[in-house]
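Student: Can you read through this structure? Questions will come right after.
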Amino acid sequence: MNIVLTPIILSILFQLIASALSIRLIFLTKRYLAWILLSAAFFFMALRRFFIFLSVLNGTLHFKNISDSEYTALLISFLLSIGTYLMIPIFKSITQNERDLTIANKQLFRQKEEAEESSNRLLTFINSIPDIVCYKDGEGRWLLANNADLELFNLTKVAYYGKTDFELAEYTHEIFKEAFQNCMQSDEIAWQQNQTSKGIEKITNSNGITKVYDVYKVPVFHPNGERKGLAVIGRDITQIVEIQENLIIAKHKAEESDQLKMAFLQNMSHEIRTPLNAICGFASFLESDNLKPEKRSYFIQTIKASSDRLLEIVSDILTISSLETKQEIVYYEKMAVSDVLSELYQKFKNPAIYKKLALNMILPKKLDLDFIISDKSIIFRVMSNLISNAIKFTHYGEIAFGADIVQGQMQFFVKDNGIGISSDHHAIIFENFRQAGNNIQSNYGGTGLGLSIAKKYVELLGGSIWLESQVDKGSAFYFTLPNKATN
């Protein structure tokens, strides 16, 4: 009987061991349901063996009926406990691997987040600068570009990643094709030079505005020498270039102004010395007691004419100075345009007759519009300068001057068929010290201030002045004044 009870007791022991090991696996693997069920099965198997053991002791179950089965149960219980025991290091290794994998995944996730955060910081930085920034791979495919670059080429809504300049040219305005072509050529130059390249690139946008960029291209290579990437950085220097161009233009104008002033001073020396010499010379002749009356009269007329010329020169210099320093004062009054024209006719009638020129005065067509409110003396001065020039530069024919209402404004004019002014001088003829040509001073004299004074006076009255002229066919000067007509 003891021989029969021994396998029962051992079966119970091994089943309890298997149940305990299953409980150990519960905490080791964290797979609660499976191992709880298995542990319960082992426990109930042991409990069944225990009840059999009690039945044999009480005599209710004869040992002859169970001897073979208990040895089988003993073997199964032994194998189950051994198998469960052997599972512990396996599942322990699996659990450790899972823990290592979890830690690795967490580290990988953290690294991914840090990479994304770093990438976002980089994008935020490059998008915050006005310069264009682009990074391409070794094949010229775009990998990264900031907003300034995308906005420049109208690519803000285009998936640019992995596309070349040639491909991106098909996704945007046709006007950028030339710019992309130039970019590919300069990229290749940077690769071949194997160093940072610097160049100026002009890019015309879809609005037709051309911008100038100072572009740096930095090639990056693999250790084996193969092309890895190309960093492109471009700064808009359009304003700087414009400022430089304007400075060059200003420099040329300053140099030209200096030359004009020098010529003006030399001219003034001649213009002032000539009438002064006449005044001094003929004044000394008047001291002679034996001077005949007709010669005395001639000398006096010469002195008077030279004095008038000298006064005119001084007056021009003082007037241009007063106009440029904005010290000239306008005196508005009600005036008859026809009266001013008549006074002008009387002033220039004899000089025109002396040169055998016809002087024609044209009055306003409507007498009720003859009166305006303006500065009579300024209008007279402007018209005097224009008529005086017309007489000086006209050798034959006629001179016409007058005024009339045109498009609601009083328009004055002076026309002649003199030597004319070339078209390349039309834009500058109203500048200080300007004359219609290099030979004007030697052939006709003058200070080069008459038209400049006329223009500044007209603008002072709120009007505008212009000319129409052809060489050897004559000139026509017009100026308009705001219509302050009154009856």
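Student: Could you list all residues from segment 218-242 that are within 15 Å of the chain's Cα centre (by Cα), surrounded by fewer than 12 Cβ atoms within 10 Å (Cβ to Cβ) and over 24 Å from A145 (Cα atoms)?
Tutor: Across segment 218-242, the qualifying residue is only E242.
Student: Also, I was wondering about something else. Which condition breaks for C134 when tested against (1) over 26 Å from R227 (Cα atoms); (2) in contact with an Asp or Glu (Cβ under 7 Å, 6 or more places away or on another chain); (3) among the hydrophobic types (A, V, I, L, M, F, W, C)?
Tutor: (1)
Student: Surrounded by 11 or more Cβ atoms within 10 Å (Cβ to Cβ), aliphatic (A, V, I, L, M) and over 14 Å from G138 (Cα atoms): is that true of I203 in this structure?
Tutor: In short, yes.
Student: While we're on this one: Which one of the conditions (1) in contact (Cβ under 8 Å) with a residue 12 or more places away in the chain; (2) surrounded by 14 or more Cβ atoms within 10 Å (Cβ to Cβ) does E167 fail to meet, given that it meets all the rest?
Tutor: Every listed condition holds for E167 apart from (1).
Student: Could you please give the count of residues in segment 370-390 that are assigned to a helix (DSSP H, G or I), buried (at least 18 other Cβ atoms within 10 Å of the Cβ) and not small (G, A, S)?
Tutor: Residues meeting the conditions: 9.
Student: Take K376 and tell me if it is closer than 25 Å to S322 by Cβ, at pLDDT below 90 and within 51 Å of the chain's Cα centre (by Cα).
Tutor: It is false that K376 is closer than 25 Å to S322 by Cβ, at pLDDT below 90 and within 51 Å of the chain's Cα centre (by Cα).
Student: Show the residue pairs meeting these rules: Cβ distance below 9 Å; 6+ apart or different chains; first residue within segment 125-143 and over 11 Å from V232 (Cα atoms); second residue charged (D, E, K, R) and in a loop (DSSP other than H, G, I, E, B).
Tutor: G138/E226; R141/K163
The values are calculated or read from the model by the stated rules, or taken from the named source; none is laboratory data. Just so you know, these numbers come straight off a predicted model, no measurement behind them. All Cβ positions, glycine included, derive from the backbone under ideal geometry; neighbour counts span all protein chains shown.
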